[in-house]
1. Could we say that TRP111 is over 14 Å from the mean Cα position of the chain (by Cα) and among the hydrophobic types (A, V, I, L, M, F, W, C) here?
2. ALA49: at negative phi and touching a Ser or Thr at 6+ places or on another chain (Cβ under 7 Å), yes or no?
3. Can you find, within the stretch 1-60, the residue that is modelled with the highest pLDDT among those that are open to solvent by 60 Å² or more (accessible area, probe 1.4 Å) and among the β-branched types (Val, Ile, Thr)?
4. Restricting the first residue to the stretch 36-47 and requiring it to be of a type outside the set (Gly, Ala, Ser), which pairs with a second residue that is surrounded by 12 or more Cβ atoms within 10 Å (Cβ to Cβ) and not in a strand (DSSP E or B) meet a Cβ separation below 6 Å and a spacing of at least six or different chains?
5. Applying the selection to the stretch 61-71, what residues are open to solvent by less than 50 Å² (accessible area, probe 1.4 Å) and part of a strand (DSSP E or B)?
6. Taking ASP61 and the conditions (1) free of Cβ contacts under 8 Å to residues at least 12 places away in the same chain; (2) within 15 Å of GLN3 (Cβ to Cβ), which numbered condition does it fall short on, given that it satisfies the others?
7. Would you mind finding the one in ALA49, ALA24 that is farther than 14 Å from VAL117 by Cβ and within 15 Å of the chain's Cα centre (by Cα)?
8. Go through the stretch 77-103 and count every residue that is assigned to a loop (DSSP other than H, G, I, E, B) and in contact (Cβ under 8 Å) with a residue 60 or more places away in the chain.
Amino acid sequence: QVQLVDSGGGLVQPGGSLRLACAASGRMFRVNAMGWYRQASGKQRELVATITSGGSTNYADSVKGRFTISRDNAKNTVYLQMNSLKPEDTAVYYCNAQAKVTFWSDWADYWGQGTQVTVSS
């Protein structure tokens, strides 16, 4: 099966930066879109950014111009560069990947364990 391991969270002051990383490993035939979602305390999980295997990106309006998503297809790794962080960016960030484990299998969603990002002075 596919395993996602995300990392890079931490505590940062408002206006600061963090870079998250997520590596996919295990039995995979192909990885399609990868992305980041976040869930703040007491709120539903929401989309932050996604990137296709071809490099097309999509961002939530709240992070446009501040966050940049990128990926290394050879390493099946996706990154999220977060700049100009705000207290409202505080959440657990989850990595997501759409993958097939064999040529004949269906596409399935896989999730990382989550990494905490706290923006506070």
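1. Values: over 14 Å from the mean Cα position of the chain (by Cα): no; among the hydrophobic types (A, V, I, L, M, F, W, C): yes.
Taking the combined requirement at face value, the residue does not satisfy it.
2. On the way: at negative phi: yes; touching a Ser or Thr at 6+ places or on another chain (Cβ under 7 Å): yes.
Against the criterion (at negative phi and touching a Ser or Thr at 6+ places or on another chain (Cβ under 7 Å)), ALA49 qualifies.
3. Among those residues, the one meeting the criterion is THR57.
4. From residues that are of a type outside the set (Gly, Ala, Ser), the pairs are TYR37/ARG45; GLN39/ARG45; LEU47/ALA60.
5. Kept after step one, since they are open to solvent by less than 50 Å² (accessible area, probe 1.4 Å), are these residues of the stretch 61-71: 63, 66-67, 69-71.
PHE67, ILE69, SER70, ARG71, listed by residue number.
6. For ASP61, the failing item is (2).
7. Details: ALA49 fails: farther than 14 Å from VAL117 by Cβ.
Matching residue, one of ALA49, ALA24: ALA24.
8. Applying the first criterion (assigned to a loop (DSSP other than H, G, I, E, B)) to the stretch 77-103 yields 83-86, 90, 101-103.
If we keep only those that are in contact (Cβ under 8 Å) with a residue 60 or more places away in the chain too, we end up with 83-86, 101-103.
Going through the stretch 77-103 one residue at a time, the tally reaches 7.
The values are calculated or read from the model by the stated rules, or taken from the named source; none is laboratory data. In this text the structure is predicted, and so the values were computed from the model without any measurement. All Cβ positions, glycine included, derive from the backbone under ideal geometry; neighbour counts span all protein chains shown. What goes into the accessible areas is simple: the full protein's heavy atoms, side chains included, and nothing from ligands, DNA or RNA. Shrake-Rupley method; radii C 1.70, N 1.55, O 1.52, S 1.80 Å.
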